[in-house]
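Here is the structure we will look at, set down as structure tokens.
Nothing in this text is a laboratory measurement; each read-out follows from the coordinates by a stated rule. Predicted, not measured: the structure shown is a model, and the values here were computed from it. Because the Cβ atoms are built from the backbone with ideal geometry, glycine has one as well, and the counts that use them run over all protein chains shown.
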Amino acid sequence: MKKLLSISIMLLCAIMVFSTPQAEKPAEPELTGVAALAKAAEAMTHDELVQKASAEAGVFTVYGNTSRITTAVEAFGKLYGIEIASSNLKDAEIYEKLDIEINGKAKGADMVMIQDGASLKSQMLSTGNLINFVPASVKPYIDENDQNPLVQQYINKLFIWNNKDAALNITNVWQLTEPAMKGNVIFKSPELEQVNMNFLIMCTSPAWAEKLAEAYKAQYGKAIELGSYSNAGYKWVAEFLANCTFIKSDTTIAEEISQATAAGKAGLFVLSKLRSSSVLSENLTVGQYLASETGKAIEPFSGFMYPMYSMVTANASRPYTAMLFIEYLMQADGFEPWGKSIGAYSGNKSLPAKEGDLPLTVWKDCLVSEDADYILENYETVSSFVIKAL
Amino acid sequence: MARLKDKTARMPLGNKVVMFFSKPANVILVVFFVLLCMLTLYPLLTLVSETFTVHAGREATATKQARGSFTLYSFKKLLFTLDDGGSEGFKESTSWIQFYSPLLNTMAVSITSSVIAIIFGGCVAWLVTRSNIKFKKFISTVFVFPYIMPSWTLAMFWSNFFKNVNVGPGTSNGILASVFGIMMPEWFVYGFFPISMVLGLHYAPFAYILIGGILRNMDANLEEAATILKTTRARIVSRITLPIVMPALLSTLLLVFASTMSAYAVPVFLGSPVRYYVLSTKMMSLMNTYKGQGYIIASVMIIFGVAILAINQWFTGKRKSFTTVTGKSSQISLVNLKKASWPIAVLLVIILVLLAILPLVSFALESVIIKAGDYSIENMTLDFWIGRNLSYLDQGDANGILLSPKILKALGYSLLLAVSCSVIAGTCGVLAGYGIVKRRGSFLSTAVNNLSFFPYLLPSLAFGAIYLALSTKVSFITGMFALILVGSVKYLPFASRSGISAMLQLSNEIEEAAVIVSVPWWKRMVRVIFPIQKSSFLSGYLLPFVSCMRELSLFVLLVPTSDTILTTMLMQYSEKGWDQFGNAINLLIIVVVLIINFTVNKLTGASIDKGIGG
């Protein structure tokens, strides 16, 4: 009797769980809800947005992959007299939280700043969980390619090395695969940050593989021998990772490589980490900065770049406030928490990079950028290849 | 007896039910059974169902199926892809790299760290409770420090102390290398050895608290009788002492094994530089990309935990009694260490200073220097603690942490959360322990015993995610209530383990004496049972408190904002590279816990350390 009772309870729980509907959202021919509001709002002026946002009530909540979103939203809240709340979340956390809250129609974020274009496209845009909004007041200053999804800023990760050893001078990425560099290349594991994995996947794309093959020839004076590798991109990725030592955070990488005892060490990490007071930036050489001075570029790229997107959530309780905040972030005041340091480049072309830094146009030329479609299509194959090299 | 059984069997159902519910132990067990089914079984089954479901994104692309469909893709990919290693064989296959190799590493680390924790914690517990070692107060007070500190800070301390330019990234020298010129080898600084050591030392206080609580109350007559019969010391330990503390030992093994299996920060910190991977690191990365595979790893962790729980059940079921506290008078006499007393005490003090005090000094130092690496007086400031208008720093808040409204508010919420979780979990643990032991051997007791431990086996991030999903279905599970609920359920196992261990030690005759004079149940609990086993029960309150104060991954998905509690604020500050503020907040959390421990000591006369014999 007791066993029957307990089995019945377990079955009941199982039925509750397995009967929870998780069906795909049906395709909607017409926009509804927040999506419809966002579409209509794209024609609104700044004052109209302000008026609409003022009519909304409740706490305005934002989530961000970037820690400086807190500073930005606090200033926004003070400016418009809105009560705000913010959460800084990492890769796995932000997608998980958004997925659960939006599908459960629970109160969560009204707006997000999020990276990893491939995940954004496949998990959030295709399901309608995140809505795109391009403010009319700044649209003329945003590249067409950066409008959907809206790129609020670009962040770059560059080859930066300790300059205590004058002999170390990277002018070709194949130098990082040489025996002398074994253990001396510091990188955050692609398993810990998706944008790093995305970069490695992009290296295997036909365009970059061809450039890598040319760079090989330029470095060694002979054509590349692929052996068992499918293309030059795979070969470079495998040999680069074999020489890497992994540290779990870009901030730590910057601090460690900048130490006086780190002569001969090179890293691929976020440029803006140099703003930290614990990084001894006088001991560091930024590859592309040196390239700009000497005229000798790093073949075929100086690192990679990825967008930080700004999106409205489908379950936003303050959608117009979210849109107003996105407009704010695309302008000088809103971009200031990032713009006052090097390594952040607004999607608004009229906002220049920090003085002393190079403009976005230069970075777009010399860095590997994400192609969400290529990444999604090839993720399974290339990521399996990458994890074997870790 | 047979006649009584016959009589009971012939009773009408209604009378049987009344008789059943007239026993407090039965009422407790039924209530807990229902509650735990909802709060534990449901998340467990949700987790299992996720392993068979297609998730949006990469899984949908790989399987070409709609989101939400049934699939065995995750199982095939993670467990059975052993043929894509090419010429290198299965050791280069996806399944070996993503699952089997990390699994072996995890087992090695978990077993080793459990052994370290039990040996170190158990030995120190014996020395403090059963011998005349010097500096007892200091040792028992300081021994719990490593658990109060977040485990990653211990890992950071290990790395900062032992690192050098010959190992790992090789970018800088730690204290040992730069001050003494001693370069430790790579196996000592990164990888299996330091991960096991740090986790073992971090969880040694579990062993100290649980085993010490039992040894404190053990009647010395048992050992003295053996001494009179000229039994050797080693035989006394192996045939008398060890069997008596076995329930506490197994409970410790269970808790430490489950904790180390799902530990994430330490293996990432100390394992990544040498490519030593464990299941938790793989699980975290897979949760973001191939969620089904991530949940399979979580399920495997639970299976191991259940296996150890089964061993625990089998062993405690074998023996009839673990009673040490009876109605008869008992005495505690201490073993005289003679000449060994001072050397052992000094050695222990040195070890504890290195493990427990030095890290605190390091946090304090790091929180007062402006430029990193410069420890001169000119570079020091108290601004990060009590400064005002700190715009010159271009980081952090406008004020030092003790004057920042944001941080003080987060401290308040952290305390509210930790105290609430500890009161709920602690009280439930005492009640559950009572019910489980009083009805030991029955189906209900076994079921509640197992269910009360399950929450600890679920990895924190997965547990938090499942409760977040639950909160979208049940509207009142929101905000601080959601945090308190998930914290209480997650840390109930601490309280239930100590409750069970304490009740197993208590002989029935003590309560029966009160029953005979018609003392009501609640009075028996409050005036008889709880006071006798206070030190053991109290650890069931204090451990959830300490755990909640420094927990991050359990709460990170449920907090309304990153500024709600101190640990999520700390993570933000670390991400931004605001190291001084981060170290100050870290030290603040530890100091607050110590102050609470001290206050509890003053108010109740008992605490973790004093109750054990300090």
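Observations, loosely collected:
- When +1 charges are put on Lys and Arg Cβ atoms and -1 charges on Asp and Glu Cβ atoms, the dipole computed for the stretch B:381-614 relative to its Cα centre reaches about 740 debye.
- Gaussian network model of chain A, springs between alpha carbon atoms under 10 Å - residue of A:ALA332, A:ALA118, A:ALA207 with greatest fluctuation: A:ALA207
- Helix A:2-18 and the long axis of chain A differ in direction by around 70°, with both axes built from C-alpha atoms.
- Exposed-loop-free span, longest in chain A, where GluC sites (Glu not before Pro) count as exposed if DSSP calls them loop and at most 15 other C-beta atoms lie within 10 Å: A:84-224
- DSSP beta bridge pairing in chain A, given as percent antiparallel to the nearest 5: 60
- Counting only lysines at least 8 places from A:LYS217 when in the same chain, those with an alpha carbon closer than 19 Å to its own are A:LYS235, A:LYS296.
- Positive-end residue, chain B charge dipole about Cα centroid, Cβ charges, pick of B:SER553, B:LEU390, B:SER498: B:SER498
- Against the main long axis of the alpha-carbon atoms of chain A, helix A:232-243 sits at an angle near 80°.
- Mean residue ellipticity (222 nm) of chain A, computed from DSSP H runs ≥ 4 via -39,500 (n - 2.57), nearest 500: -12500 deg cm²/dmol
- For chain A, the longest principal axis of the alpha carbon atoms and the long axis of helix A:319-329 meet at an angle near 20°.
- Electrostatic bookkeeping for A:ILE84 treats Lys and Arg as +1 and Asp and Glu as -1; over the other residues with beta carbon under 11 Å from its beta carbon, the sum is -2.
- The stretch B:35-112: chymotrypsin sites (Phe, Trp or Tyr not before Pro) in DSSP coil with no more than 15 other Cβ atoms inside 10 Å: B:PHE80
- Across the stretch B:381-614, Cα pairs under 8 Å and at least six residues apart give a relative contact order of 27 percent.
- Just checking the listed ones, A:GLY233, A:GLY295, A:GLY267: in the Gaussian network model of chain A with Cα springs under 10 Å, the one fluctuating most is A:GLY295.
- Listed residue pairs exceeding 26 Å between alpha carbons, taken from A:LYS121/B:LYS291; A:LYS90/A:LYS157; A:LYS78/B:LYS473; A:LYS121/B:LYS282; A:LYS105/B:LYS291: A:LYS78/B:LYS473
- Peptide A:376-386 is shielded by partner chain Cβ atoms: per residue, an average of 3 of them sit within 10 Å of its Cβ.
- With the charge dipole of chain A set up from +1 on Lys and Arg Cβ and -1 on Asp and Glu Cβ about the Cα centre, the Cα lying farthest toward the positive end among the listed residues A:TYR154, A:ILE100, A:ILE387 is that of A:ILE387.
- For the protein assembly as shown: rounded, prolate or oblate by the Cα gyration tensor [a/c cutoff 1.5]: prolate
- The stretch A:184-245 and the stretch A:330-390 have Cα centres spaced 19 Å apart.
- Note on B:LYS16: lysines with a C-alpha under 30 Å away, same-chain residues under 8 apart excluded, are A:LYS2, A:LYS3, B:LYS5, B:LYS7, B:LYS318, B:LYS320, B:LYS438, B:LYS523.
- One Cα centroid belongs to the stretch A:87-145, the other to the stretch B:13-60; the line between them spans 36 Å.
- Average Cα contact separation per residue, chain A, under 8 Å, 6 or more apart, as relative contact order %: 27
- Listing B:ASP83, B:ASP579 from fewest to most neighbouring C-beta atoms within 10 Å gives B:ASP83, B:ASP579.
- Among the DSSP helices (H) of chain B, those spanning at least 30 angstrom by Cα along their long axis with an average Kyte-Doolittle hydropathy of -1.0 or more are B:101-130, B:192-217, B:291-318, B:405-438, B:479-505, B:579-604; this is a geometric and hydropathy rule only.
- Taken about its Cα centre, chain B carries a charge dipole of about 2560 debye when Lys and Arg each add +1 at the Cβ and Asp and Glu each add -1 at the Cβ.
- Mean-square fluctuations from a GNM of chain A, with a 10 angstrom spring cutoff on Cα atoms, peak among A:LEU98, A:LEU280, A:LEU212 at A:LEU280.
- Built amide H within the under 5 Å cut-off of A:THR313, gap 5+: A:MET111, A:VAL112, A:ILE131
- Residue among A:THR261, A:PRO319, A:TYR220 farthest towards the positive dipole end of chain A, charges placed on Cβ: A:THR261
- Relative contact order (percent, whole number), chain B, Cα cutoff 8 Å, 6+ residue spacing: 19
- Sorting B:VAL17, B:VAL349 from the fewest to the most surrounding beta carbons within 10 angstrom yields B:VAL17, B:VAL349.
- Per-residue shielding of A:246-253, expressed as the average number of other chain Cβ atoms within 10 Å of the residue Cβ, stands at 6.
- Separation of the stretch A:254-276 from the stretch B:265-310 is 30 Å, based on Cα centroids.
- Legend: mean number of C-beta atoms from other chains within 10 angstrom of residue C-beta atoms, peptide B:280-292, equals 5.
- 11 Å beta-carbon shell around B:ALA345, net charge (K/R +1, D/E -1): +2
- Prolate/oblate/rounded call for the stretch B:1-145, Cα gyration tensor, a/c under 1.5 rounded: oblate
- Shape category assigned to the stretch A:269-390 from the gyration tensor of Cα positions, a/c cut at 1.5: oblate
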